[in-house]
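Chemist: Just passing along the structure, written as structure tokens.
Read-outs: derived from the displayed coordinates by stated rules, not from any lab. All of these numbers come straight from a predicted model, not from anything done at the bench. So basically every Cβ, Gly included, is an ideal-geometry build from the backbone, and we count neighbours across all protein chains shown.
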Amino acid sequence: MNLLAAVGAPAELVPIATAGDAASPAGSNDDSGGVALRRDAGPAGRKGSFVHEIVRALVDGEVDLAVHSAKDLPAEDPDGVVTAAVPERADPFDVLVSRDEELAEGAALGTSSLRRRNQVLRWRPDVRVVDLRGNVDTRLRRLQDGDIDGLVLAAAGLERLGLRPPFTRRLSLDRMVPAPGQGALAVQVRADDAGALAIVRSLDHLASRDAFEAERGVVRALGADCALPLGVYAVAGNGGLRVRAAVVGSDGVAADADVTAASSPAASEATVRALLAAGAEPLLAAARES
């Protein structure tokens with residue numbers, strides 16, 4: 001909203017009831033969801049939970065813009081819709097939040113993400129991973145109440161909510177490769193809406209866009225989705241992109257990639273080749289069947 005106002009395009013938040021709202025009022029993701037907006041209006045509305053209903057409203061002309069957590073988007077935009085902008089990315093990393101300064105041996109750690117679960121067990125095989133769902137406040141309350149000893153969240157989710165739990169440590173790429181698109185927003189518009197396209201493209205941040213396209217390209221090539229144990233993180237710099245990626249099985253067996261390329265498509269292709277050469281496909285297949 002602030003970015004749109006800064007370019008002279010005030011917008012209205014449009015309430016949309018989603019399947020996610022009905023199925024899980026407390027929410028199931030820590031920094032996911034989307035926002036539907038109309039241009040040239042005053043403030044109103046609330047945040048949605050999932051992509052489908054918001055995109056439908058965009059396609060049907062009920063709204064002019066759809067803002068999503070980039071990690072929630074499928075690998076391809078639907079017909080008639082384009083991702084017109086990726087604003088500057090927030091912190092893409094995961095953080096470990098614990099009740100005490102150190103996570104003790106045998107501690108209970110909460111997460112609903114297979115990607116996080118498997119990567120945690122890769123470097124802390126001693127912990128007990130507990131399935132934990134709900135929005136950020138719900139998860140932090142479970143931690144405070146002593147139901148769990150620690151949890152893994154997206155740094156961007158805490159940042160956007162203005163929360164700073166006392167024992168919070170960023171997880172390095174060696175311990176936790178983020179979800180593709182984590183920390184980034186993606187703004188979709190109808191492909192034939194020239195006015196919205198002109199406005200939204202002014203919000204595009206080139207380095208964040210390049211990283212988003214590289215990460216999304218890996219997801220598309222592997223036929224993966226947010227339910228699979230795939231982490232991909234791209235960062236632009238020095239005229240190219242470096243991509244770190246990991247597919248980790250439930251038994252700790254992993255396929256890793258660390259590549260550098262001149263463009264987003266080349267980075268995606270090189271990353272996929274490296275992952276497949278390291279044995280990613282059987283790990284993904286096992287996750288799909290579980």
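Chemist: Expressed as a rounded percentage, what relative contact order does the chain have, with Cα pairs under 8 Å and six or more residues apart?
Modeler: About 19 percent, as a whole number.
Chemist: Counting only helical runs of four or more DSSP H residues, what would the 222 nm mean residue ellipticity of the chain come to if each run contributes -39,500 (n - 2.57) and the total is spread over all its residues?
Modeler: Values: 10 runs with 94 residues, N = 290.
Using -39500 (n - 2.57) per qualifying helix, the result is -9500 deg cm²/dmol.
Chemist: Here's something else I'd like to know. Could you let me know the centre-to-centre spacing of segment 175-201 and segment 60-88, using Cα atoms, in angstrom?
Modeler: Centre-to-centre (Cα) distance: 6 Å.
Chemist: What order do you get for Glu213, Glu289 when you list them from fewest to most C-beta neighbours inside 10 Å?
Modeler: Final ranking by Cβ density, sparse to dense: Glu289, Glu213.
Chemist: With the crude spin-label approximation of a point 7 Å out along Cα→Cβ, what separation in nm comes out for Glu88 versus Arg288?
Modeler: The answer from the label model is 4.0 nm.
Chemist: To continue, here is another question. Residues of segment 74-98 with backbone nitrogen within less than 11 Å of a virtual label 7 Å along the Cα-to-Cβ line of Arg201, please, listed as ranges.
Modeler: Under 11 Å, as judged by backbone N against the label point of Arg201, lie 84-85 of segment 74-98.
Chemist: Got a sec? Charge dipole of the chain, +1 on Cβ for Lys and Arg, -1 for Asp and Glu; which of Ala84, Pro15, Ala70 is way out at the positive end?
Modeler: In the chain, that residue is Ala70.
Chemist: Have a look at His205, Val247, Pro282 and report the one farthest towards the positive end of the charge dipole of segment 205-290, computed about the Cα centre with Cβ charges (Lys/Arg +1, Asp/Glu -1).
Modeler: His205
Chemist: At q = 0.13, 0.16 Å⁻¹, what log₁₀ I(q)/I(0) does the chain have when each alpha carbon counts as one equal point scatterer in the Debye sum?
Modeler: With no solvent term, the Cα-only Debye profile gives -0.92, -1.32.
Chemist: Semi-axes, largest first, in whole Å: what does sqrt of 5 times each Cα gyration tensor eigenvalue give for segment 163-204?
Modeler: Square roots of five times the eigenvalues give 35, 13, 7 Å.
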